[in-house]
Every structure is written in structure tokens, then in C-alpha cells.
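Okay, so here's the structure we're looking at.
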Amino acid sequence: MDALLDSPPWTSLFPVHPATTDAQWWRTAVVYQVYPRSFADSDGDGVGDLPGITARLDHLAALGVDAVWLSPFYTSPQVDAGYDVADHRDVDPVFGTLADFDAMLARAHALGLRVIVDVVPNHTSDEHAWFRRALAAPAGSAERARYVFRDGRGAQGAEPPNNWRSIFGGPAWTRVAEPDGTQGQWYLHLFDARQPDLDWTNPEVRGEFEEVLRFWLDRGVDGFRVDVAHGLVKADGLPDWDGTTAMVEGGADGTTGPMFDQEGVHEIYRSWRAVLDAYPGDRVLVAEAWLDSLSRTARYVRPGEMHQAFNFAYLTTPWDADRNRQVVVDSLAASDAVGAPTTWVLSNHDVVRHTSRLGLADAGSLPKGIRALDEQPDAELGLRRARAATLQMLALPGVAYLYQGEELGLPEDTAMPDEARQDPAWFRSGGLEAGRDGCRVPLPWSADGPAHGFSPTGRSWLPQPPSFARHALDVQRGVPGSTYELYRRALALRRHLQLASGSLDLVELAGVGTSDAVALRNRDVLVVTVHRGAPVLLPAGCDLLIASDDVARDEAGSLVLEPGTTAWVLPPRAARLPHARTTG
Ligand code: NOJ
């Protein structure tokens, strides 16, 4: 055997994470986020619905995901696209009925897909029966004690109780007219004025949400994604806060403020965990908590608390090899320290799609939406890098979250007319933030046909840009090199190679600058992402398993990985070492 052909392409290996033999599904799953408004519309009103989802679940099974997370479909005036819940135990008519939910769940389970639903405990809609009663009741009443009502400051209480700002812009307090018509107390809303915050020091609130969990567990859901999981408990006395209050970055100055990440939230999740543990099967809690550090995030997934927390540190990492490597190492260290799986995510319904973020001059920066008059992403470069980023993500041990449409390489709609916008962040920021509508545009299932197959009438609650025809599922399915086929094959290989339960080593490649590329090894698979610089050459003895874009071989037979590419490679046989380090 040619010694050169057989030698490993790396100069050193640094162990980061041991393989695991733990069989629980939620440690290794790929979870696909369905945003019900924009997935598939069965009745033609232009808004997606539960029967539409049921009819398209085959797509998700064929794609190869393990679970589906549904954003809210509960009764709601839809001020914040359903994150303003008026009745936690019913389905909004725009999405269907409880029977439609049951049918969707049964179909998903028949296809082997788990189903996670959203629970929104930080606030309700102003149309929730509790809030209506609170408005009709006097200051100091039991009805008001379910929310955060306070007297104002200053003369006649005309100033808000503190200086907190809403995450969507404007003050976090709104003053109410008392039943007798006089100006009265103020209520807190970290988000829109029509999303009043609940008071989680009130045992009635705690009891109610445990019942809400049981309601959906009894129907058979496999778990909950917990909205604003870090926000339920506020610091005593509601002290003023001069830092920023943003959902996406956490606090800009390294702390998250008195409205977030208070110690008291953990006790809530310990009791929720006990509720879930009383049910058969592995039901899970997933924390949506935008925090400054991975170690703070890991506290939500300590033994006896939640099962997973979104890894927003990974999502917010710009296109930079050193930072990318660091966040992978830090993420695994933080979750390993508490025995939880690491999660990975690149896109969701709150951020600019990674296809577009990665095509900005400041690649991977996090604008709050993109308007036509803003810098426009380089679509080709963004898609290329997005495919590379995804292929890295799907090779990492732990749980991966996909956002609907990313399997089609959908870009953000950066040319949406302002008149079409619906995100409360757009309105409350006075147009300073474009908001999140650009990542929420209904999916194109077919190049032709009404609303690209989204709706039988062609109606669509947000307009679809012309570029969506190119991205439609029916023009990608079965087409080698398409983004859809890349995702499908990567998911199949991830499962076959057991990468989700694999080990991870950092690798140094001979002659490759660490600031140009990230090289990792999961089990036997070498995963190389080239961020910038010269092409990376991998020796001829390496077998290419999959690459995010075309990879050529040079005259010597070496694989040539251009910048903006990730490849999964089997190194020469002699370099495929036994992996002894495994934890159970
Ligand atoms: C986080 C959700 O993901 C977002 O869409 C929503 O606006 C806020 N929480 C408020 O519920």
C-alpha cells in the first residue's frame, strides 16, 4: 500500500466530545420547524393551516427529519402571528379545529415523526379571558394579580412604573382606563401592548400552565418549545434598566437585564419536568432563551430541568473560521457539563434566513430584517455559504433544528413592500426595524400553480417574491446538486453514520491556516468547512462522502475544497482509528 495514500490528512487531533450510546430520541434528533401560517394552506384563505400541514407531512418524512416543531396555532387575534394566545386549549379557526390537530398528530406519528408544540407562558393575548377580566376588575383585585399591573410614577401616576422598553420598540408599559373611565394603572408587556406579561409569582398562573401542558400531553404531543423561557420571572421590585432589551442578541453589554434569566425560572421548569415525567414515552421541553453565554443557557438543561435549549450562540456566529470553531467547542463543553445534548440551529422565524445573512458584506451579521433600501445580500454567495454551514451543522453531535424552507435554499424576502409587512416589530419600531416578515413568506411547493402550490386560490398572507419559483420543491426534487437533495442526502448519511451520537475531535490539517478553515472529526468522518483563503487540498486517499458544492480532484488526485464549501470525507483507511471514548 502506498504509505502516502494511507496517511491521515491531519497533523493533530484534539478531543472535544465523547460519543454517546444514550438512545433517547431527543439527544440526536433533527427537528423541523413548521411555521403554520406559511407552510401549506388547504382552504385557500391565504393562511396555512393544520389540514395543510397534515397533507404535506410526507414531505418531511421523505426529507428524513425525526420530529416537527409547530409554532403556535392556538386561538389568537394574530397580533404577533399567534404568539399572542387567547385560549391555550383550542385551535384558532384560521388554522382549523382540535380534530384537525388530532388528525395531524396521528398522521405524523404514523409516519414516525414526533411532534413538539409551542407553549407561550410569558404573556397572553389581550383577548385572553383572564386579561379581559383584569381590565374589568379594580386595582389590587385577584383578577389583576395574574398580570403585572402597577401604579404609575410621578404626578397622578402619569409616568410608567419603570423605564423598561418593549422588545418590539416603545415602552414596555401601557396605561389602562379604569372601569370608571379614569386613567389608571399600567401593565407590563415585554412584547406588543396586546401581549400582557403574566405574573409568575402567582400560584394560579403556575397551576394553569401545568394544566395546559397536561391538556396537550393528553392529546399525545411529544414535547414543548417554551417561548421566552428566560423571561417568566422578573427581578424583585422591577428595577430600572438602561441596557438594551432585544430578543435576538440578549443584552448588548454582557448582561440580560432584570426582566430575564432570573433564578426563579428554574423552579418552574423543575415542576414542568415532573409533569412531563409522569407521562409515558420521552416527552421533552425545549428552552427558547436568548442569553449572553452558553453557560447561562446550559443552566436550563441541568438534570431535572429542560431537555434542550436552542443554541443561539451558534446561530449568531458570523462567517469566521476561528469563531465557528470556538462556538462548536464551547457549545459541546457547556452542554456536556450538565449531561444535556447540544443543539444546533441556523435559521428560525425570528431571524434573517441564513442564506441571506451569509451573503451580506458583514457575513453572518444579524440585521433585524432587510428592506429593499438596505444593503442587499449576494444571493449566490449567501446560498453557497448557507449550504456549507448547514452541512457542518448536520455533521455535529447532538440535535439539529431546521426552519421550513431552508431545505429549498429559500432566501429572505428583502424586497417585500412595506405595505405588506405585518410584524409588530415593524410598527412599534416606527419602521426602524424591517422585522421578521421576510423570513416568514409562504413556501413555494411548485414553480407553477397558484401561490406556487401554497394555496389553492393563490392567496398568500405575505406576497411571495418572483425568485421563489426557482426554489420550489418540484424543481429541486430528484435534481442532483439541488439544495433539497443536499439536505435529504446529508440527513440520510447523518443517520447512517450515526453522527448525532458521535464523538468530536478538532483537527489540524497540514498546511491549512486555522483562520481559513474548520476541520473536525466525528467518528471516522472528517468534516472540513473552508471559510476563506486558498482552496484546501485533501490527499488522494480520502473518499468524498458529500459536499455542499462541487469538489474537484486535481492531477494528483487530491480533493480541492474551495472557500464556501463543507465536505464530509472518509480519510484513508489506516487513519480510521478505533474510538474508545464513549459515554452512556
Ligand atoms: C419568541 C418568538 O419566537 C417570537 O416570534 C415572538 O414574537 C416572541 N417570542 C414573543 O412571544
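Bear in mind that the values in this text are calculations on the coordinates, not laboratory data. Since the model is a prediction, treat every value here as computed from it, not as a measurement. Virtual Cβ from ideal backbone geometry, glycine too; neighbours counted across all protein chains shown.
Computed from label points 7 Å out along Cα-Cβ, the spacing between Arg270 and Thr97 is 4.4 nm.
Close amide H partners of Ser125, meaning residues 5 or more places away or on another chain with modelled amide H under 5 Å apart, are Val85, Ala86. Relative to the longest principal axis of the chain, what angle (0 to 90°, nearest 10) does the C-alpha long axis of helix 98-110 take? Helix 98-110 and the main axis of the chain meet at about 20 degrees. Here the contact order of region 504-583, divided by its residue count and restricted to Cα pairs under 8 Å and six or more residues apart, works out to 29 percent. Simple spin-label estimate for Ala61 and Asp374 gives 3.9 nm between the two label positions (7 Å along the Cα-to-Cβ direction from each Cα).
Name the residues of region 380-405 whose amide N is less than 19 Å from a point 7 angstrom out from the Cα of Ala23 along the C-beta direction? It comes to 398, nothing else. The 3J(HN,Hα) values that the Karplus relation (6.51, -1.76, 1.60; θ = phi - 60°) gives for region 495-500 are, in residue order, 5, 4, 8, 6, 5, 5 Hz. Gly and Pro appear as x. Using the Cβ-Cβ distance between Ala361 and Ser293 with R0 set to 35 Å, the FRET efficiency works out to roughly 0.80. Can you compute the charge dipole magnitude of the chain about its Cα centre, using +1 on each Lys and Arg Cβ and -1 on each Asp and Glu Cβ, nothing else charged? Give it in debye, rounded to the nearest 20. In total the dipole reaches around 1040 debye. With the simple spin-label model, which puts each label point 7 Å out from Cα in the Cβ direction, the Asp554 to Ala415 separation comes to 4.0 nm. Helix 264-277 axis versus longest C-alpha principal axis of the chain: approximately 70°, rounded to the nearest ten.
Each Lys and Arg Cβ is given +1 and each Asp and Glu Cβ -1; about its Cα centre, region 449-525 then shows a dipole of about 400 debye. If you line up the long axis of helix 321-336 against the longest principal axis of the chain, both from Cα atoms, how many degrees apart are they, to the nearest 10? Taking the Cα atoms of the chain, the angle to 321-336 is about 70 degrees. Other residues lying with their Cβ under 12 Å from the Cβ of Asp524 contribute a combined charge of +2, Lys and Arg counting +1, Asp and Glu -1.
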